[in-house]
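Here it is, the structure in full.
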Amino acid sequence: MSKNGSDKERIFSLSQLHQNAKVLTEVIGFKLHEIRLEKSFGTTKVDIYAIDPERKLEIFCECQVNSSDETHLQKILDLIDAMKEGIIVWCVLSFKDEHLKIVKDKVRNARQKYINFYAVKITEEIITKLEWLNRLYRLHVIENLGVLNHIERPLNLIDKIETIPTTFVGEAWLGERQYDTNKNDEVIEYMLNRFREIIPYYPNFYYEKKPQRYGPKIHIGAGISGVTYVCSLRSRRNVAYAEIHFDKSRKDLFEEFSLHLQAMQKYIHPALRIKDRKIGVYFRPFNSHDETIDQIGKILGKMIEYFSPYTFRGSR
């Protein structure tokens, strides 16, 4: 993912998760299952990660809404170095021939590995639709992803190299996930999955989050820089909470919201408190993790509805 046009690229990735994975499947010939966005892999993040359930192969997809460049080329090369087997997809508005040659040569010379590489061109019409989606109020993006379904041939395969034997079955694990509540990273993943069910319209829940050092805590962007949602299943003081945090650079915004405590308590939760550039709800965890997570999710959903008109651009 690139900084220039990164919002459009994030929306494109979301569309693969919510609507259009079948289009990419038709182009590369592999099914996308258990899709994850911005998943950590080694020292980098992959825009779209998935597993083909039949061949048990990992799929790594990098997306650009502009021309292929050296930065993304290096990322593709690093993926090839880091993996033993799997599928790499590079979705780009336009490719430079020399970049494709370098990648294909790299795959061809990786003799101890089974790797398929697919170069996929994104059509101009998709870019137009992504620009429209990017102008929407952020909480309305997911419900409008269907506009991408009306594009004829939105993705086109322009080049490939395949070294995986057609009879080969990989080692990617598939099956129902059993979460260990003693491991912070697994608790965070479980919480995010529940939040996606409770608050399905909020895009920022669909990207992987790094585990925190102290307890199962999640930081989620609220829109503008310097404003972040933070929630925890249990803090070091055994408190569950959902809060919005304002950096020093957003002190004025925090103070403006602080004038409306009663309105926030009425809309979000009666126990909402304001302190140290934080606005949140804090409570003792229930005996059930699911019950605690659901309560956090409900509070967080109300907070997102209340604050988002001020932290995201776009009309409500």
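Share of antiparallel DSSP beta bridges in the chain, in percent to the nearest 5?
On the way: 38 of 53 bridges.
Bridges in the chain that DSSP calls antiparallel: roughly 70 percent.
Follow-up. Roughly what % antiparallel, to the nearest 5, for the DSSP beta bridges in the range 6-162?
Numbers: 18 of 32 bridges.
Once the DSSP bridges in the range 6-162 are tallied, antiparallel ones form about 55 percent.
Here's a follow-up. LYS101 versus ALA82, label points 7 Å from Cα toward the beta carbon: distance in nm?
Output for this residue pair reads 2.8 nm.
Follow-up. Given SER258, GLY221, TYR49, which one lies farthest toward the positive end of the charge dipole of the chain, if we put +1 on the Cβ of every Lys and Arg and -1 on the Cβ of every Asp and Glu?
The residue sitting farthest along the positive end of the dipole is SER258.
Roughly how far apart, in whole Å, are the Cα centres of the range 163-199 and the range 135-153?
Between the Cα centres of the range 163-199 and the range 135-153 lies a distance of 27 Å.
How high is the FRET efficiency from ASP290 to VAL239, r the C-beta distance, R0 30 Å, rounded to 0.05?
On the way: r = 18 Å, r/R0 = 0.60.
Approximately 0.95, to the nearest 0.05.
Measure off 7 Å from each Cα along the Cα-to-Cβ vector at ALA271 and THR167, then give the distance between these two points in nanometres to one decimal.
Calculated label separation equals 6.2 nm.
Could you state the angle between the C-alpha long axis of helix 124-135 and the longest principal axis of the C-alpha atoms of the chain, as a value from 0 to 90 degrees rounded to the nearest 10?
10 degrees
Whole-Hz ³J(HN,Hα) for each residue in the range 92-107, computed from phi via Karplus 6.51 cos²θ - 1.76 cosθ + 1.60 with θ = phi - 60°, x for glycine and proline: what do you get?
9, 5, 8, 9, 8, 4, 5, 5, 5, 4, 4, 5, 5, 5, 5, 5
Ok, one more. So which GluC sites (Glu not before Pro) in the range 1-91 pass both tests, a DSSP loop state and at most 12 other Cβ atoms within 10 Å of the Cβ?
Numbers: sites: GLU9, GLU26, GLU34, GLU38, GLU54, GLU58, GLU62, GLU70, GLU85; in loops: GLU54.
The qualifying sites are GLU54.
Same structure, new question: So, in nm, how far is label GLU38 from label GLU186 when the simple model puts each one 7 Å beyond its Cα toward the Cβ?
Roughly 2.5 nm, to one decimal.
Spelling out what I want: for every residue of the range 230-247, take phi, set θ = phi - 60°, compute 6.51 cos²θ - 1.76 cosθ + 1.60 (Karplus), and round to whole Hz; glycine and proline get x.
After applying 6.51 cos²θ - 1.76 cosθ + 1.60, I find 10, 9, 9, 6, 7, 7, 5, 9, 6, 10, 8, 7, 9, 8, 10, 10, 10, 5 Hz.
Still on this structure, please answer the following. Any chance you could get the radius of gyration and Dmax over the Cα atoms of the range 184-311, in Å?
Radius of gyration, then largest Cα-Cα span, for the range 184-311: 13.7, 39 Å.
If I build a Gaussian network model for the chain, linking alpha-carbon pairs within less than 10 angstrom, which residue out of ASN156, ASN109, ASN193 has the largest mean-square fluctuation?
Of ASN156, ASN109, ASN193, the most mobile in the Gaussian network model is ASN109.
Taking R0 as 30 Å, what's the FRET efficiency between THR71 and SER258 from their Cβ-Cβ distance, rounded to 0.05? Don't skip to the answer; put the middle values down first.
Values: r = 42 Å, r/R0 = 1.39.
It comes out at approximately 0.10.
Rounded to the nearest 0.05, what FRET efficiency is calculated for LYS22 and GLU125 with R0 set to 25 Å and r the Cβ-Cβ distance? Don't skip to the end; give the middle numbers.
Working: r = 18 Å, r/R0 = 0.71.
Calculated value: 0.90.
Convert each backbone phi in the range 255-270 into a coupling constant with the Karplus relation 6.51 cos²θ - 1.76 cosθ + 1.60 (shift: θ = phi - 60°), then list the ³J(HN,Hα) values in order as whole Hz, x for Gly and Pro.
These are the phi-based 3J(HN,Hα) values: 5, 5, 5, 4, 6, 10, 4, 5, 5, 5, 5, 5, 8, 8, 5, x Hz.
Bin width 20 Å, alpha-carbon pairs only: give the P(r) of the chain as whole percents, running from 0 to the bin holding the largest distance.
Whole-percent P(r) values from 0 Å outward: 30, 53, 17, 0.
Would you mind giving the three semi-axes, in whole Å and largest first, of the ellipsoid equivalent to the range 75-214 according to its Cα gyration tensor?
After scaling each eigenvalue by five and taking roots: 31, 27, 14 Å.
Longer than 29 Å from Cα to Cα, which of LYS31/LYS104; LYS56/LYS104; LYS129/LYS183; LYS45/LYS266; LYS75/LYS302; LYS22/LYS183 are they? Say none if no pair is.
Values: LYS31/LYS104 22 Å; LYS56/LYS104 23 Å; LYS129/LYS183 40 Å; LYS45/LYS266 40 Å; LYS75/LYS302 38 Å; LYS22/LYS183 34 Å.
Over 29 Å apart, Cα to Cα: LYS129/LYS183; LYS45/LYS266; LYS75/LYS302; LYS22/LYS183.
Right, next: Between TYR137, GLN64, PHE30, whose Cα lies farthest towards the positive end of the dipole of the chain when Lys and Arg beta carbons carry +1 and Asp and Glu beta carbons carry -1, centred on the Cα centre?
Value computed over the given set: TYR137.
For the range 35-85, compute the orientation-averaged projected area of the C-alpha convex hull (one quarter of its surface), in nm².
Average of the hull's projected areas for the range 35-85 equals 3.9 nm².
So, one more: Please give the length that would be gained between GLU152 and ARG194 if that part of the chain were fully extended, namely 0.36 nm times their separation in residues minus their C-alpha to C-alpha distance (nm, one decimal). Walk me through the numbers before you get to the answer.
On the way: separation 42, 0.36 × 42 = 15.12 nm, distance 3.41 nm.
Extending this stretch completely gives an extra 11.7 nm.
Can you give me the angle between helix 6-15 and the longest principal axis of the chain, using Cα atoms only, in degrees from 0 to 90, rounded to the nearest 10?
Roughly 80 degrees between the two axes.
Name the most mobile residue of TYR179, TYR118, TYR207, meaning the one with the largest mean-square fluctuation, in a Gaussian network model of the chain with Cα contacts below 10 Å.
Its mean-square fluctuation being the largest, the pick is TYR179.
Okay, moving on. Let me spell out the model: positive unit charges on the Cβ of Lys and Arg, negative unit charges on the Cβ of Asp and Glu, origin at the Cα centre of the chain. What dipole size does that give, in debye rounded to 20? The partial results should precede the final answer.
On the way: 49 positive and 43 negative charges, 213 e Å.
Roughly 1020 debye for the chain.
Every read-out reported here was derived from the displayed coordinates using simple, explicitly stated rules and does not represent laboratory data. This is a predicted model, so every value here is computed, not measured. Note: ideal-geometry Cβ built from the backbone for every residue, glycine included; neighbour counts use all protein chains shown.
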